[in-house]
Amino acid sequence: MTVRHFNDERAPEALHKANFIALAPFIFAAAKAMRDLGFFRLLADSDTGLTKRELADKAGVTFYAASVLIDAAYRADMVCLEEEDAGNDARWSLTKTGLYLATDRMTEVNLNFSADVCAEGLLSLTESLRTGKPAGLRTFSETASTIYPLLETLPEPVRKSWFDYDHFYSDHVFEEELPILRRETSFRSVCDVGGNTGKFALAAAAFDPEVHVTIADLPEQCAAAKERIAAAGMEHRIALNPCDILKSSPADLPRGIDVWWMSQFLDCFSNEQAVQILSLVRGAMEDGAVLAVNEIFGDRQKRDTAALVVDECSLYFTAIANGVSRFFNSGEFMECLAAACFKVRSVRDGLGLGHTLIIAEKA
C-alpha cells in the first residue's frame, strides 16, 4: 500500500484532484447514466468508436442527452476521442477506466452498492459522526437502529445490491480458508457466529461430510438461512441457533464446538461491542477449541485500489449500517483480541480478494 506525503504531487494536479472530489456526485451520476443508458456497452462492443449521434440513436435518447453525457464522461476520463477537431462527427471510445466501468465485476458491484444502498444515506454522514447513530438509515426505516434486521425486506434493487456486495467479497475466500482450518485443527464442529445467509455453513458442510455446523445469528437471518439450507438438503448437517449476540450469555451458545468462526461479522460492531462478543464466545469455548476470524483490513492490503475500497466503504457502517463500526484497522482489531483474552496463533493475509484469516486461542 502506497504511503503518501505532502509533496508527492504538484499543485495543479492536487487542485484538479480536489475539484474531482468536489464534483464527485456529478461524475458518479455520469458513470451510472453511461451504464444505465447502455453507452458503456455500446462503446465496448464497437471496434471503431461511435459518434454522439450514433450513440443517441442506438440508446434511444436525444442528441442533447448523448452530447452532455459524453462531454462529462470525457472530462472524467471515461471516454476518449478517436480523432481531434472532428466536431459532431468525432468518434468516441472507452478509456481503460471506462472499460473497467463497463466490464469489471468488482466495479459493477461497488457502483450498485454505492448507488442503491449508500448514496442517499451518506448525505447524513456528518450527523452520524456527531451522534454515533446511523442517520442515513432513515432512507429505509424511521425506527430501526441498525440495518441488519431489515436486510431480507429491503426493497429491490437495494436488497440485491446489498447481498451482491456482501457475497462478492467473501464467496470465493471460503474455499481457500477451509483447508487452512483443516491443517490447523482436526475440527468436526463449527459455530458460525453471524452466519448471515448460510454461505459459509454450506461451504463447510460441502468441504467435509463429517463436519456439523451451527449458525448463531439474529432470528431474521436464521430464517433466511433456513430456506437456503433446506434447498441444499443440509438440514441434518447445519443447525440454527437464533439469538441476539449482544444480549446473549455463554449458555445461549452451542456446546462441543471445535472452531468458532466469524466472517466479516465483528466489523458490524464497535470496538467495545467486538470485545464483548469475543469475550462471550471465549466463555462458551471449551479447551482445545479455536477462534477463526475472516476479516478485511484496509491497512493490510497490498494494492492501493483494495485499500481504497475497504476504507471508503467503512463509511457505509457509519452513516447507514449502525453508526459505530467499520472495516477494522488491523492494529485496533488485535487490541480487541487481546482485551478479550485471546492470543493469536497464526495470521494469513492476501486470501480471496484481500481477506486476512486470524486463528486464535484462549490466552
| query | Over the chain, what is the mean sequence separation of C-alpha contacts under 8 Å (at least six apart), divided by residue count, expressed as relative contact order in percent? | reply | 15 percent
| said: Is the C-alpha gyration tensor of the range 169-362 telling us rounded, prolate or oblate? Criteria: a/c under 1.5 is rounded; beyond that, a/b larger than b/c is prolate, otherwise oblate. | reply: rounded
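Between the DSSP loop rule and a limit of at most 14 other Cβ atoms within 10 Å, which GluC sites (Glu not before Pro) in the range 194-288 are left?
Details: sites: Glu210, Glu220, Glu227, Glu235, Glu272, Glu286; in loops: Glu210, Glu235, Glu286.
Within the range 194-288, the qualifying GluC sites (Glu not before Pro) (loop, at most 14 other Cβ atoms within 10 Å) are Glu210, Glu235, Glu286.
For the range 105-166, what's the relative contact order in percent, using C-alpha pairs closer than 8 Å and at least 6 residues apart?
Working: 45 pairs, mean separation 23.3, N = 62.
About 38 percent, as a whole number.
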| message | Antiparallel versus total DSSP beta bridges in the chain: what percent is that, nearest 5? | response | 45 percent
| message | Under 20 Å between alpha carbons, and skipping anything fewer than 8 positions from Lys226 in its own chain: which lysines qualify? | response | Lys160, Lys199
| said: Below 8 Å, C-alpha to C-alpha, sequence gap of six or more: please give me the relative contact order for the range 7-103 in percent. | reply: 29 percent
| Mind listing the phi-derived Karplus ³J(HN,Hα) values for the range 136-148, rounded to whole Hz, using 6.51, -1.76 and 1.60 with θ = phi - 60°, and x for any glycine or proline? | x, 5, 4, 4, 10, 7, 8, 10, 5, 9, 9, 7, 4
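Where a ≥ b ≥ c are the square roots of the eigenvalues of the C-alpha gyration tensor, would you call the range 117-194 rounded, which needs a/c under 1.5, or, failing that, prolate if a/b is larger than b/c, or oblate?
prolate
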| Hey, in the GNM for the chain with a 10 angstrom Cα cutoff, which one of Asn271, Asn88, Asn110 fluctuates hardest? | Asn88
| remark: Once the in-chain neighbours fewer than 8 apart are removed, the lysines whose Cα is under 21 Å from Lys362 read Lys343
| remark: For the chain, whose charge dipole is built from +1 on Lys and Arg Cβ atoms and -1 on Asp and Glu Cβ atoms, the candidate among Ser263, Ala14, Cys341 with its Cα farthest towards the positive end is Cys341
| Label zone at Glu312, where the point sits 7 Å out along the Cα-to-Cβ direction: the range 111-135 residues whose backbone N lies under 19 Å | 111-126
| Stokes-Einstein D for the range 7-132 at 25 °C, 0.890 mPa s, Kirkwood Rh over Cα pairs, in µm²/s? | 153 µm²/s
| field | Reported label for calculated Rg and Dmax of the Cα atoms in Å given [x] 19.8, 60; [y] 20.3, 71; [z] 23.4, 75 | value | [z]
| Using modelled amide H (1.01 Å from N, peptide plane; none on Pro or chain starts), what sits under 5 Å from the amide H of Ala239, excluding residues fewer than 5 places away? | Val213, Thr214, Ile215
| task | Under 1.5 on a/c is rounded, so check that first for the range 64-179, then, if it is not, pick prolate when a/b is larger than b/c and oblate when it is not; a ≥ b ≥ c are the square roots of the alpha carbon gyration tensor eigenvalues. | result | oblate
| What are the lysines whose alpha-carbon lies under 21 Å from the alpha-carbon of Lys247, with same-chain residues fewer than 8 places away excluded? | Lys133
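Where a number appears in this text, it was derived from the coordinates with a stated rule and is not lab data. Keep in mind it's a predicted model, so treat the numbers as computed, not measured. Because the Cβ atoms are built from the backbone with ideal geometry, glycine has one as well, and the counts that use them run over all protein chains shown.
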